[in-house]
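Quick note: the coordinates plus some simple rules give every number you see, no bench work behind them. Keep in mind the model is a prediction, meaning the values are calculated, not measured. Counting neighbours? That spans all protein chains shown, and the Cβs are built from the backbone with ideal geometry, glycine included.
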Amino acid sequence: MEKEIVDFELVKNNMGGNEGLVQEMFGLFLQTLPEDMIRLQTCYEKEDWTQLKATVHQLKGGASYCGTQKLDQVCKHLEDEIRQCNHQMIPQLYQQLFIELHRVKETIQNYLKDFK
């Protein structure tokens, strides 16, 4: 189940097997996540689709690098729908994004607990 949320082996391979780098990257992801979530919420509530797309794009980069394939997919889909001005799909994808962000956050936090 965890691999569906975060592919830790992929991340370790991307970091050359350096566990310290993996932990640092996950720590940075978790550190910036609360601010990212607030920015996403603000943009969504204001219907600022341009800024929402930019924030999702930035998040997608971090998600991809962190081995969070489903989060990466949700970000791509939401970004595409915003780009195509398909506003009907945005609420559903926005909700999926937050569900996946919480799953990723919990999974990474549990992973990092093993190293404390």
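Which of these, Cys43, Cys75, Cys66, has the largest mean-square fluctuation under a Gaussian network model of the chain (Cα springs below 10 Å)?
Of Cys43, Cys75, Cys66, the Gaussian network model singles out Cys43 as fluctuating most.
Just rank Arg39, Arg83, fewest to most, by other beta-carbon atoms within 10 angstrom.
Details: Arg39 19, Arg83 11.
Listed from fewest to most nearby Cβ atoms, that is Arg83, Arg39.
Dipole magnitude of the range 1-96 about its Cα centre, charges +1 at Lys/Arg Cβ and -1 at Asp/Glu Cβ only, in debye to the nearest 20?
Values: 9 positive and 15 negative charges, 36 e Å.
Result for the range 1-96 is approximately 180 debye, rounded to the nearest 20.
Helix-only estimate, please: 222 nm mean residue ellipticity of the chain, summing -39500 (n - 2.57) across DSSP H runs of length 4 or more and dividing by its residues, to the nearest 500. The partial results should precede the final answer.
Working: 6 runs with 94 residues, N = 116.
That calculation yields -27000 deg cm²/dmol at 222 nm.
Specify the residue with the greatest mean-square fluctuation among Lys46, Lys70, Lys12, computed from a Gaussian network of the chain linking alpha-carbon atoms under 10 Å apart.
Lys46
Using the Karplus curve 6.51 cos²θ - 1.76 cosθ + 1.60 with θ = phi - 60°, work out ³J(HN,Hα) for each residue of the range 104-110 in order, rounded to whole Hz, and write x for Gly and Pro.
Once θ is set to phi - 60°, the couplings for the range 104-110 become 5, 4, 5, 5, 5, 4, 5 Hz.
Per 0.36 nm of contour for each residue apart, how much would the distance between Asn13 and Phe115 grow if the chain were fully extended, relative to their Cα-Cα spacing? Don't skip to the end; give the middle numbers.
Numbers: separation 102, 0.36 × 102 = 36.72 nm, distance 1.84 nm.
My answer for the length gained is 34.9 nm.
From the list [x] 123; [y] 115; [z] 89, can you say which value of volume of the Cα convex hull per residue in Å³ was derived from the structure given?
[z]
Determine which lysines satisfy two conditions relative to Lys113: a Cα distance under 21 Å, and not lying fewer than 8 residues away in the same chain.
Lys3, Lys12, Lys105
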